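The values are calculated or read from the model by the stated rules, or taken from the named source; none is laboratory data. Predicted model, so just to flag it, every value in this text is computed and none were measured. Because the Cβ atoms are built from the backbone with ideal geometry, glycine has one as well, and the counts that use them run over all protein chains shown.
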Amino acid sequence: MAPRPLPGNITGAIPSTSSGEPGADDLLFQNLLSAEWIIFSFYQAGVETFNAADFVEAGFPNTTYERIQQI
């Protein structure tokens, strides 16, 4: 299997550059980044688990698998 494209192959934590309490923007961006990872992982798992024939058999249009790969 080919390696995942970025950001899928960077899974380690990035250490903070300063100490102290996180700011409001820090918490917001952390939550948004977490949501992005969840969405990315969801689509990546779908592409790795299924193929185009699976979607056609389930009644989806012929282009569904290709669109999921693009996302």
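Name every residue in region 32-71 that is among the polar types (S, T, N, Q), at pLDDT below 90 and surrounded by 14 or more Cβ atoms within 10 Å (Cβ to Cβ), in order of residue number. Across region 32-71, the qualifying residue is only Gln44. Among the conditions (1) part of a loop (DSSP other than H, G, I, E, B); (2) under 20 Å from the mean Cα position of the chain (by Cα); (3) acidic (Asp, Glu), the only one that Glu66 does not satisfy is (1). Suppose we filter Pro15, Pro7 for residues that are closer than 18 Å to Ile71 by Cβ and modelled with pLDDT under 80; which single one remains? After applying the criteria, what remains is Pro7.
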